[in-house]
1. Can you tell me which of 132, 100, 72 is touching a residue at least 12 places away in the same chain (Cβ under 8 Å), closer than 20 Å to residue 153 by Cβ and surrounded by fewer than 19 Cβ atoms within 10 Å (Cβ to Cβ)?
2. Counting only residues that are under 30 Å from residue 114 (Cβ atoms) and among the hydroxyl-bearing types (Ser, Thr, Tyr), give me the helices (runs of 4 or more DSSP H) lying completely in the stretch 237-347 with at least 2 of them.
3. State which residue pairs qualify: first residue closer than 29 Å to residue 340 by Cβ and inside the stretch 255-281, second residue part of a strand (DSSP E or B) and among the hydroxyl-bearing types (Ser, Thr, Tyr) in any location, beta carbons under 6 Å apart, and separation of 6 or more residues or different chains.
4. Select, from 169, 175, 157, the only residue that is among the hydroxyl-bearing types (Ser, Thr, Tyr) and within 16 Å of residue 74 (Cβ to Cβ).
5. Just checking, does the stretch 82-100 include any residue being assigned to a loop (DSSP other than H, G, I, E, B), under 26 Å from residue 320 (Cβ atoms), touching a Leu at 6+ places or on another chain (Cβ under 6 Å) and of a type outside the set (Val, Ile, Thr)?
6. Could you list, in sequence order, the residues of the stretch 218-234 that are of a type in the set (D, E, K, R) and at pLDDT below 95?
7. Please work out which residue is modelled with the lowest pLDDT, limiting yourself to the stretch 312-339 and to residues that are farther than 23 Å from residue 78 by Cβ, surrounded by fewer than 20 Cβ atoms within 10 Å (Cβ to Cβ) and touching a helix residue (DSSP H, G or I) at 6+ places or on another chain (Cβ under 6 Å).
8. Return yes or no: is residue 100 in contact with a helix residue (DSSP H, G or I) (Cβ under 8 Å, 6 or more places away or on another chain), among the charged types (D, E, K, R) and within 21 Å of residue 331 (Cβ to Cβ)?
Amino acid sequence: MSTGTRPALTRLVRNVPRVAVAAVAALTLAACGGGDGNSETKSSGESGTKSGAFPVKVEHKYGTTTIESEPKKVVTLGLSDQDAVLALGVKPVGAVDWFKEKPYGKWPWAKGKWGSTKPTIVGERDEYNMEKIAALKPDLVIAQYSGMKKEQYDTLSKFTKVVAQPKGSPDYGASWQVMTRQIGKALGKEAETKKLISGIDARFKAVRDKHPEFAKKTLSVADSFEAGKYSAFTKTDPKSIFFSELGFKLKPEIDKLAKPGANVADLSAEKLNVLDVDRLVWVTSSTEANDRIKGEPLYKKLKVHKDKRDLFVPYQDPDVGAAFSFNTVLSIPYAIDEIEPMLADIK
């Protein structure tokens, strides 16, 4: 991950170039044997052997997709969707890039699940390479933690089943539980998914029980990748969700400052006082960024800084920030193990 640009985890690209639907649809239909233009069509790669879990109907932002039989070739287009798929015993044949690290890269919580398997990279964030996806002949595309557009959904639905982001939540705004349930249902693994979620919920509860003092503290998560510009994460961002499940209270003023649908509130140095909370977690990509933040004259005046209740957490090396930024059933245990001692040491 480059330290010179904002990591994709912190600010997501929302403006996706328009897809040439007709041209791509023609190419993908030819590659995959055709379809009738909706997600109810049986794709060419779909298994003919039904398990007891199928068929299943999965409701999402763009409608309801019926999956007739167990998916054998799955492509994940959500930025962290591969984690839940891997946790349920399925290795995606295709995935999108996020950190410039490849989704099968070094992340300790997922590396063992991938093994020697390497998925085809079929895009970056919300920009999908339809030709590459079609060439894989998937029988299911999953896009939960994504900003998939209706146009993209329609194109993909010409040749495969698509489960788009959860209905009723903003893009990138659904909880890890909701997204995991959607993925589990699509894979016909609802019983396994329930156990998986229960296990993670138990991990969070164990921390809350061990540290009841967390419930009395306000906490905010922030970043800064440019001098004089700062970002505080809203309650719908995975990072904020992670810390709220550890027991901390979030600050509603941050949500009020954010633009509708945004996962961050942009702050100037003059507005840093909104970050004067009981615990402040900075997620940064370099020691230079840490020093720059600490050197900001207005930041030095904040009580949270004077009392040394601010915590500077790296995205990687160790991969703590990345783990709670993913906030998935695979990354959460790693994140808890790493961050709990850091928080407990703050008095």
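The values are calculated or read from the model by the stated rules, or taken from the named source; none is laboratory data. This is a predicted model, so every value here is computed, not measured. Glycine also receives a Cβ, built like all others from the backbone with ideal geometry; neighbour counts cover every protein chain displayed.
1. Numbers: 100 fails: closer than 20 Å to residue 153 by Cβ; 72 fails: closer than 20 Å to residue 153 by Cβ.
The conditions single out 132.
2. Those helices (runs of 4 or more DSSP H) span 238-245, 331-344.
3. Final answer for the pair search is 264/231; 267/230; 275/220; 277/218; 277/220; 278/218; 280/220.
4. Details: 169 fails: within 16 Å of residue 74 (Cβ to Cβ); 175 fails: within 16 Å of residue 74 (Cβ to Cβ).
Testing whether each residue is among the hydroxyl-bearing types (Ser, Thr, Tyr) and within 16 Å of residue 74 (Cβ to Cβ) leaves just 157.
5. yes
6. Restricting attention to the stretch 218-234, the residues satisfying the condition of being of a type in the set (D, E, K, R) are 223, 226, 229.
Of everything in the stretch 218-234, those that are of a type in the set (D, E, K, R) and at pLDDT below 95 turn out to be 226, 229.
7. Within the stretch 312-339, the first condition is being farther than 23 Å from residue 78 by Cβ, and the residues that meet it are 312-314, 317-318, 337-339.
Narrowing further to those that are surrounded by fewer than 20 Cβ atoms within 10 Å (Cβ to Cβ): 312, 314, 317-318, 337-338.
From what's left, touching a helix residue (DSSP H, G or I) at 6+ places or on another chain (Cβ under 6 Å): 312, 314, 338.
Numbers: 312: 97, 314: 94, 338: 97.
So, considering only residues that are farther than 23 Å from residue 78 by Cβ, surrounded by fewer than 20 Cβ atoms within 10 Å (Cβ to Cβ) and touching a helix residue (DSSP H, G or I) at 6+ places or on another chain (Cβ under 6 Å), the one modelled with the lowest pLDDT is 314.
8. Numbers: in contact with a helix residue (DSSP H, G or I) (Cβ under 8 Å, 6 or more places away or on another chain): no; among the charged types (D, E, K, R): yes; within 21 Å of residue 331 (Cβ to Cβ): yes.
In short, no.
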